[in-house]
Ligand SMILES: [Cu+2]
């Protein structure tokens, strides 16, 4: 829902271009209006409304901040404020963000633009904004105490600099960072090249990684957590709350990822090979790129990966740390694989109604349907075309389809696989005889030949190396 505190005319998920009359009216005021956006749907790319042309990006489950031109300067207005963000249907979280949302809106400018950003603080404590990766005058760098005093509640500060080089950047506070970033204060920044054909791609997705520690059933992150986060988000959303990334077969696709969590994330794409084409330091020369299917995005880093979407299908895109593709859970659950607790649950159930045993068959928790406290999400959920999609957290799907319209980002539904191209249960014999399945050599010591039991093997010692349970 787009709030009319803004000068933008919100149409559903999209942000439409500013009417010229609205711009000139806003231009008359000294402080630009601060558009706000509270929908968690992916907004359509915001085409440039003036200045040099560029190919706008798409912020997954987010939006781009409109601006106004004043005397040749692009003016933006960010409002730091408490927000409510839906992580996925069924879970609302109290965060801090910008202009109605966490992450804040993406800022898009062109190399060489002079940019003026007004920052109003509606938080209960001081803040500042650091423009991560920008080459700018030191006093515009946004480090509280070092380059400026904190912006006190109710105050507005102005930052102004020239966006000197094209690339992938982010913004975040440099004031009480541990609290403010743990509460979701961050946003994406893209500086487009002066020549829109340079580094041009057909689809350009942007996302920030952040993490939260939210006790199931509660609404506000615990901000003093150092490492033990339980919700791993892309643009403050978790699967199945994340939209798919859509591409037309043959499109050149860029995905820009920034990491503002406290650990690294090996980002993995199925079915394609990509290259890291850019970092927060700039573009990687073509001769220095190598093919990858996973790239690690370390803390405080940004990576822009590029590939040709040449394989139709629904391809998983996710962090490769398996705990990061799960939603909130208790991490102190013991491993129960191989433990035979037949009958145990029934006995405990007599004492503790609702008790259930986790994971004795390997523990596909995605299939467990247990009652959840209010305002939390199953660890792994999501309905796929073949059943339960056992994923949460930093997971979404790249949907590559033939014949999509340029600029069409709507979800094309699940992939229709050509006949005979889907893994299936083997039921046949004869023509499709099952090949032998050789076993790894037995590492256990060979049993002594009969009648020569000379070595002092304790009875049952052999069992210790096996996995039998009695
Ligand atoms: Cu991760």
Restricting segment 390-426 to residues that are within 16 Å of the ligand (Cβ to nearest atom) and assigned to a loop (DSSP other than H, G, I, E, B), the residue that is nearest to the chain's Cα centre (by Cα): 394
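Could you say which residue among 122, 74 is over 21 Å from the mean Cα position of the chain (by Cα), without any contact (Cβ under 8 Å) to a residue 60 or more places away in the chain, crowded, with 18+ Cβ neighbours inside 10 Å and closer than 21 Å to residue 31 by Cα?
Values: 122 fails: crowded, with 18+ Cβ neighbours inside 10 Å.
On inspection, the qualifying residue turns out to be 74.
When the residues of segment 223-239 are narrowed to those that are assigned to a loop (DSSP other than H, G, I, E, B) and crowded, with 22+ Cβ neighbours inside 10 Å, which ends up nearest to the ligand (Cβ to nearest atom)?
Just the residues of segment 223-239 that are assigned to a loop (DSSP other than H, G, I, E, B), to begin with: 223-230, 235-236, 238.
So of that shortlist, the ones also crowded, with 22+ Cβ neighbours inside 10 Å come out as 229-230, 235-236, 238.
On the way: 229: 10, 230: 13, 235: 14, 236: 15, 238: 12 Å.
Applying the filter and picking the extreme gives 229.
Every residue, every condition in (1) more than 15 Å from the ligand (Cβ to nearest atom); (2) at pLDDT 95 or above; (3) assigned to a loop (DSSP other than H, G, I, E, B), yes or no:
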site: 257; (1), (2), (3): no, yes, no
site: 263; (1), (2), (3): no, no, yes
site: 268; (1), (2), (3): no, yes, no
site: 277; (1), (2), (3): yes, yes, no
site: 304; (1), (2), (3): yes, yes, no
site: 311; (1), (2), (3): yes, yes, yes
site: 314; (1), (2), (3): yes, yes, no
Conditions (1) in contact with a strand residue (DSSP E or B) (Cβ under 7 Å, 6 or more places away or on another chain); (2) modelled with pLDDT of 60 or more; number of the one not met by residue 373: (1)
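From the list 291, 285, pick out the single residue that is under 30 Å from residue 164 (Cβ atoms), more than 16 Å from the ligand (Cβ to nearest atom), more than 15 Å from the chain's Cα centre (by Cα) and modelled with pLDDT of 95 or more. Step through it out loud before you land on a result.
Details: 291 fails: under 30 Å from residue 164 (Cβ atoms).
Answer to the check: 285.
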Residue satisfying condition, being at pLDDT below 95 and away from the ligand (no atom under 16 Å from the Cβ), within set 321, 347: 347
Failed criterion for residue 70 (all others in (1) within 13 Å of residue 186 (Cα to Cα); (2) in contact with a helix residue (DSSP H, G or I) (Cβ under 8 Å, 6 or more places away or on another chain) hold): (1)
Segment 273-302: number of residues that are touching a residue at least 60 places away in the same chain (Cβ under 8 Å) and in contact with a strand residue (DSSP E or B) (Cβ under 7 Å, 6 or more places away or on another chain): 9
Odd one out for residue 387 among (1) surrounded by 12 or more Cβ atoms within 10 Å (Cβ to Cβ); (2) away from the ligand (no atom under 16 Å from the Cβ); (3) at pLDDT 85 or above: (1)
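Given 207, 245, which one is surrounded by 23 or more Cβ atoms within 10 Å (Cβ to Cβ), over 10 Å from the mean Cα position of the chain (by Cα) and either in contact (Cβ under 8 Å) with a residue 60 or more places away in the chain or within 16 Å of the ligand (Cβ to nearest atom) (or both)? I'd like the intermediate steps shown before the answer.
Details: 207 fails: over 10 Å from the mean Cα position of the chain (by Cα).
The unique qualifying residue is 245.
The values are calculated or read from the model by the stated rules, or taken from the named source; none is laboratory data. Since the structure is predicted, the reported quantities are computational estimates derived from the model, not experimental observations. So basically every Cβ, Gly included, is an ideal-geometry build from the backbone, and we count neighbours across all protein chains shown.
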